[in-house]
Amino acid sequence: MAKNCLLGGVIKFTVAAAAVSGICYLFRDDLKSSKTYQKYEVDEKINKARTAVKDKTATIKDKATALKEKAPWNKAVSDEEDDELDLIIGDEAADRDYVSIDAEDTSEAADKVEEAVDKAESIIDKIEEAAAAE
C-alpha cells in the first residue's frame, strides 16, 4: 500500500537521486576529464552562474534596505513633531465629552435601579389588588 502512495514515490525519488549523486561524486575526477565536460565548458558556466547569482542577491539586498529606509513606520519622529501631535490630540480630547466610570458609581447606580424596580413592582401589585377589589 505504501508503494503506491505519494510518500512512497517521494522516498523512491530521494533514494534514487542520492544514489546518482553519490556515484557522480565518486567519479568526479573522471567526469571532469571527459571530452563532453571539456567541450561544453561546464566549469566556466558554473562560475558565470555563481557570479550572476551573487550580483543579483547583492542588488536585491540593497533594494530591500532602501525600501526599509523609505518605509513610513521606520522614520524617527522628532521632538517638535511629537509636541505638535500632543497639541493636536490634546485639543481634540478637550472637545470630546468623555465620562470616567468608577466602580463605586456603578454599584450605587445598580442599587438605585434595584430600588426603583422594587417600588415599581409594589405599585403594580397595589394597582392589581385595587382592580381585583372593585
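Mind giving me the FRET efficiency for ASP55 and LEU31? R0 is 22 Å, r the Cβ-Cβ distance, nearest 0.05 is fine.
0.20
Under a point spin-label approximation (7 Å from Cα along Cα-to-Cβ), what is the LYS48-LEU7 distance to one decimal in nm?
With each label placed 7 Å out from Cα toward Cβ, I get 4.5 nm.
Taking 0.36 nm per intervening residue step and subtracting the Cα-Cα distance, what contour gain separates LYS126 from THR14 on full extension?
Value of the extension gain: 31.4 nm.
Assuming 0.36 nm per residue, please report the length gained on full extension of the stretch GLU69 to ALA109 beyond their Cα-Cα distance.
9.0 nm
Bear in mind that the values in this text are calculations on the coordinates, not laboratory data. Just so it is clear, the model here is predicted, and its values are computed rather than measured. As a convention, Cβ positions derive from the backbone with ideal geometry for all residues, glycine included, and neighbour counts pool all protein chains shown.
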